[in-house]
Amino acid sequence: MHSRKGKQYKDGELETILSLAPTTKNIQTLSLLLERSEEAIKIVYKIAFEHGPFGREATIQEKKILAAKEKVGICIGRKSPRP
């Protein structure tokens with residue numbers, strides 16, 4: 001079911017995830033559509049919206065998620081990568 005584990009997100013997938021509210025139903029649906037685990041979808045939301053140490057070492061993914069946030073027009077939360 002999660003055949004894309006460890007593979008890069010395709011163009012537009014991060015924007016699609018971030019364009020939906022992080023509800024349980026949306027996470028389940030995105031998991032099925034994108035062939036990712038629910039935990040993988042939750043990680044995208046955590047990096048996009050949580051502050052604190054989570055994802056501190058995922059600098060490349062963080063940059064991609066922040067760029068996707070900007071494309072979607074999300075104006076709340078972190079706007080630049082952590083130093």
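Here are the numbers:
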read-out	value
Segment 29-45: number of residues that are open to solvent by 70 Å² or more (accessible area, probe 1.4 Å) and over 16 Å from residue 5 (Cα atoms)	0
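Every residue, every condition in (1) in a helix (DSSP H, G or I); (2) at pLDDT 95 or above; (3) within 20 Å of residue 81 (Cα to Cα), yes or no:
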| site | (1), (2), (3) |
| --- | --- |
| 9 | no, no, yes |
| 15 | yes, yes, yes |
| 22 | no, no, no |
| 28 | yes, yes, no |
| 44 | yes, no, yes |
| 52 | no, no, yes |
| 57 | no, no, yes |
| 62 | yes, no, yes |
| 66 | yes, no, yes |
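The values are calculated or read from the model by the stated rules, or taken from the named source; none is laboratory data. Nothing here was measured: the structure is a model prediction, and the numbers come from that model. Surface areas here come from the heavy atoms of the whole protein model, side chains and all, with no ligands, DNA or RNA. Shrake-Rupley method; radii C 1.70, N 1.55, O 1.52, S 1.80 Å.
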